[in-house]
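**Student:** Here's a structure for you.
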Amino acid sequence: MTHAIRIYEHGGPEVLLWEEVDLGAPGPGEVCLRQTAAGLNFIDVYHRNGAYALPDLPTAIGMEAAGVVEAVGEGVDDLKPGDRVAYAGYKPGAYAEARLMPAERLVPLPDSIDDQHAAAMMLQGMTAEYLIRRTFAVQSGQTVLFHAIAGGVGLIACQWLKQLGATVIGTVGNEAKAELARAHGCDHVIVYSGENFVDRVNEITDGAGVPVVYDSVGKDTWEGSLDCLQQRGTMVAFGAASGVPADFSVNQLQFKGSLYLTRPTLLHYNVSRAELLQSANALFAAVENGLKVEINQTYPLEETADAHRALEARETTGSTILLP
């Protein structure tokens, strides 16, 4: 028997329950993974509260973890017991001491990356990768606006954008987060609780606006984000921490400058194993090039509810990990 955090209904952090579960043996193409660290992400909150309702309850939740292969099923030739691996973006279930996983969704870890940092960066890091390299391929010399720059995805993206030669405008909620963003290379930090970010973006860009906005905040920043874009600019909406934006007319995209709008997810960018490995290896290369992953909060796995409360209250910075 092993333990996992499971939910029987959607709701607040109190629905997260620490329970015994029976795994069984790995089937064909599967491995049994003993997990050493799991990551915390806002999509986990959406799964828990029903914003992205999970169809089959009860279920475990959590989207990324790292660990050690304990056993392999029939047909698994490229992994063996003792191998260190990580994953992100597979079906929920990472909040567990151990789980069965398809071998094709696991990424071997280089010796230079420890388990905790792997768990802290796989989902956030591969999210940053597809956002800035594939959803909108940022070029050297471009200026971008990235909301919530002091969060887990934001801090990774900020550093990576600087490696690409971009100028980064980032928004944060308070001065402490502003200092954190500056320390990670953000060129222009806007504390949106005291400044109008649209006015500041116009000031920074001499009224030109930016070619792309990366927005995981949602309702609170939606209209302003569209107003920060150049003609034919791209709005990349990849989350809704403040709530889902109200319905809007697609004609707004015409009236605001023939804008592009996309709502991407990691799942659709890492469909094949080749895409998964390409994304993970690009992340590992960025880390080797100096990108740092900040683990600023840790919680025992059985105290996951407290971690969710802190994340929803926007009390966290960088990455949070859960330790079995």
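The values are calculated or read from the model by the stated rules, or taken from the named source; none is laboratory data. No experiment lies behind these values; they were computed from the predicted model shown. Neighbour counts are summed over all protein chains in view; Cβ atoms, including those assigned to glycine, are modelled from backbone coordinates with ideal geometry.
**Student:** So which residues in the stretch 273-324 are among the basic types (Lys, Arg) and more than 30 Å from GLY11 (Cβ to Cβ), if there are any at all?
**Tutor:** Pass one, the stretch 273-324, residues among the basic types (Lys, Arg): 273, 292, 309, 314.
Matches in the stretch 273-324: ARG273, LYS292.
**Student:** State all residues of the stretch 220-261 that are among the hydroxyl-bearing types (Ser, Thr, Tyr) and within 21 Å of HIS47 (Cα to Cα); if no residue qualifies, say none.
**Tutor:** Our first condition is that a residue be among the hydroxyl-bearing types (Ser, Thr, Tyr); within the stretch 220-261, this holds for 221, 225, 234, 242, 249, 258, 260.
Matches in the stretch 220-261: SER242 only.
**Student:** Hey, another quick one. Looking at the structure I just gave you, is ASP187 assigned by TED's automatic domain parsing to the domain that holds GLN231, without any contact (Cβ under 8 Å) to a residue 60 or more places away in the chain and farther than 25 Å from ILE295 by Cα?
**Tutor:** no
**Student:** Looking at ALA148, ALA94, which is the one that is under 15 Å from the mean Cα position of the chain (by Cα), in a loop (DSSP other than H, G, I, E, B), assigned by TED's automatic domain parsing to the domain that holds ASN174 and crowded, with 18+ Cβ neighbours inside 10 Å? So that I can check it myself, show each step before the final result.
**Tutor:** Values: ALA94 fails: assigned by TED's automatic domain parsing to the domain that holds ASN174.
The conditions single out ALA148.
**Student:** Here's a check for you: in the stretch 18-42, which residue that is free of Cβ contacts under 8 Å to residues at least 40 places away in the same chain and either assigned to a strand (DSSP E or B) or among the aliphatic types (A, V, I, L, M) (or both) is surrounded by the fewest Cβ atoms within 10 Å (Cβ to Cβ)? Break it down stepwise before answering.
**Tutor:** Going through the stretch 18-42, the residues free of Cβ contacts under 8 Å to residues at least 40 places away in the same chain turn out to be 19-20, 22.
Those still in the list that are either assigned to a strand (DSSP E or B) or among the aliphatic types (A, V, I, L, M) (or both) too: 19-20.
Numbers: GLU19: 14, GLU20: 9.
Looking at residues that are free of Cβ contacts under 8 Å to residues at least 40 places away in the same chain and either assigned to a strand (DSSP E or B) or among the aliphatic types (A, V, I, L, M) (or both), I get GLU20.
**Student:** Of the residues ASP247, ASP306, which is of a type in the set (Asp, Glu) and farther than 25 Å from ALA94 by Cα? Even if it seems obvious, please write down each step before you answer.
**Tutor:** Numbers: ASP306 fails: farther than 25 Å from ALA94 by Cα.
Just a single option satisfies the conditions, and that option is ASP247.
**Student:** Also: Could you check the stretch 284-321 and list, in sequence order, the residues that are more than 24 Å from ILE61 (Cα to Cα) and either buried (at least 16 other Cβ atoms within 10 Å of the Cβ) or aromatic (Phe, Trp, Tyr) (or both)? So that I can check it myself, show each step before the final result.
**Tutor:** Within the stretch 284-321, the first condition is being more than 24 Å from ILE61 (Cα to Cα), and the residues that meet it are 284-292.
Scanning the stretch 284-321 gives PHE284, ALA286, VAL287, LEU291.
**Student:** If you go through the stretch 195-245 one residue at a time, how many are of a type in the set (Ser, Thr, Tyr), closer than 13 Å to LEU259 by Cα and in contact with a His (Cβ under 9 Å, 6 or more places away or on another chain)?
**Tutor:** Initial filter on the stretch 195-245 (of a type in the set (Ser, Thr, Tyr)): 205, 214, 216, 221, 225, 234, 242.
Pick out the ones that are also closer than 13 Å to LEU259 by Cα and you get 225, 234.
This time we only want the ones that are in contact with a His (Cβ under 9 Å, 6 or more places away or on another chain), so: 225.
Looking only at that region, the number is 1.
**Student:** Of GLY209, GLY218, GLY257, which residue is surrounded by 14 or more Cβ atoms within 10 Å (Cβ to Cβ), touching a Cys at 6+ places or on another chain (Cβ under 6 Å), on the phi > 0 side of the Ramachandran plot and in the same structural domain as GLN159 (by TED's automatic domain parsing)?
**Tutor:** On the way: GLY218 fails: touching a Cys at 6+ places or on another chain (Cβ under 6 Å); GLY257 fails: touching a Cys at 6+ places or on another chain (Cβ under 6 Å).
It is GLY209.
**Student:** Which members of the stretch 56-91 meet the condition of being assigned to a loop (DSSP other than H, G, I, E, B), farther than 13 Å from ARG105 by Cβ and not aliphatic (A, V, I, L, M)? Outline the logic, then answer.
**Tutor:** So in the stretch 56-91, the residues assigned to a loop (DSSP other than H, G, I, E, B) come out as 56-58, 61-63, 73-83, 89-91.
Filter once more, keeping what is farther than 13 Å from ARG105 by Cβ: 56-58, 61-62, 73-75, 77, 80-83.
Scanning the stretch 56-91 gives ASP56, PRO58, GLY62, GLY73, GLU74, GLY75, ASP77, LYS80, PRO81, GLY82, ASP83.
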